[in-house]
Amino acid sequence: MPDFQVVTAMDEVADDGAFKRKESTFRDWNKADGSTAYPPAKGRYHLIIAYACPWANRTNAARKLKGLDDAIDLTIVEPVMRLTKPQDSEDKHVGWYFRDNDQYMGCRTVREFYEKFGSGQVTKFTVPILFDTKTKKIVNNESSEIVRMFNSEMNEFATQNQEMDMYPEAQRASIDEVNDWVYPMINNGVYKAGFARTQSAYDVAVEELFKGLDQCEEILSKQRYIAADSAFTEADLRLFMTLVRFDEVYTQHFKCNKKRIEDYPNLLNYVREIYQMDGIHETINMKEIKEHYFCSHETINKYGIIAVGPGVDYSLPHNRTKLFPSKI
């Protein structure tokens, strides 16, 4: 068995107490032009995700939006992380488990999957994973790249929204610009606040997080979507996956309680609109999201008690169509 460096998100904290997320390891691509070893193909690739993880679930949402259910098989891991080698008292790694009735490739844990198919690379044992069932190799575990593959390279197999381009060439500069500040300030910002181990690191993270949310609120008061005036793009998908978890989890578990999304009228209605899209709401399992966060981080929530509220209903009517009549 390869000698892996066992790392979890909780270990990625610098000496100053600030959370520093490591980059993904596997970065190969499906390419329709034949320039890689992984050409698009129906039924060849398998996606492993967790409902709980916003990074992983954005790939599942892209898969559903495009109607790639029949083209790309899916495995959803259990929501609660736990010791991956409980029989070894020296091994403290906590990670994802496959469900008893849905184990994949004979593996019980995602860690075991990486150890079996990860080519001996040093890595965290993260989801999502895009796996090639033909070569038995991990293609990619970077969610942003998997979303783009599903959007473009696998589009020939799309049974829904084939005309939808979440990364159109004419708007790529704007999308990239938004992603460049939304990721550190908001997507990763909630984790920087939640995993901070010093007051100063937490204070810096929270200030940056809410500066980012304020900036989103301002933009969304003037246009329907975050990176384009009238088009839903990958930037919206990436932002949404953090926002939909915010009031139910991050305000409490990660101490991001300066404001709620409910306190931002434009953000609230924006989340409602995206949640109600076919292909999005089916991927949001709030029960498993809450189980994961409240029960997987013992250093934050020692007894694994799941907060009862607030029970946000994003299926309520939104005003985005009235404010901005353009359609997705």
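Every number in this text was worked out from the coordinates using simple rules, so none of it is lab data. Quantities reported herein were computed from a predicted structural model and do not represent experimental measurements. Note that we place each Cβ from the backbone using ideal geometry, even for glycine, and neighbour counts take in every protein chain shown.
Below, the figures for the structure above:
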{"read-out": "Gyration tensor over alpha-carbon atoms, region 131-195, equivalent ellipsoid semi-axes in Å", "value": "26, 20, 9"}
{"read-out": "Spatially proximal lysines relative to residue 259 (Cα-Cα < 29 Å; intrachain offsets below 8 disregarded)", "value": "20, 22, 192, 211, 222, 287, 290, 302, 322"}
{"read-out": "Candidates 308, 190, 139: whichever shows maximal mean-square fluctuation once the chain is modelled as a Gaussian network with Cα springs under 10 Å", "value": "308"}
{"read-out": "Efficiency of FRET from Cβ geometry, residue 32 and residue 173, R₀ 25 Å, rounded to 0.05", "value": "0.60"}
{"read-out": "Calculated FRET value between residue 156 and residue 278, using beta carbons and R₀ = 22 Å, to 0.05", "value": "0.60"}
{"read-out": "Per-residue [θ]222 nm for the chain (sum of -39500 (n - 2.57) over DSSP H runs n ≥ 4, rounded to 500)", "value": "-9500 deg cm²/dmol"}
{"read-out": "Additional length obtainable on full extension of the chain from residue 223 to residue 313, 0.36 nm per residue less Cα span", "value": "30.1 nm"}
{"read-out": "Gaussian network model of the chain, Cα within-10 Å springs - most flexible of 111, 63, 172", "value": "172"}
{"read-out": "Residue 257-residue 230 pseudo-label distance in nm [points 7 Å out on the Cα-to-Cβ vector]", "value": "4.4"}
{"read-out": "Reach of residue 85 by Cα under 13 Å, taken over aspartates and glutamates that are not fewer than 8 positions away in the same chain", "value": "112, 115"}
{"read-out": "Simple spin-label estimate for residue 74 and residue 322 in nanometres, 7 Å along Cα-Cβ", "value": "3.3"}
{"read-out": "Whole-Å distance, taken between Cα centres, linking region 175-213 and region 79-145", "value": "27"}
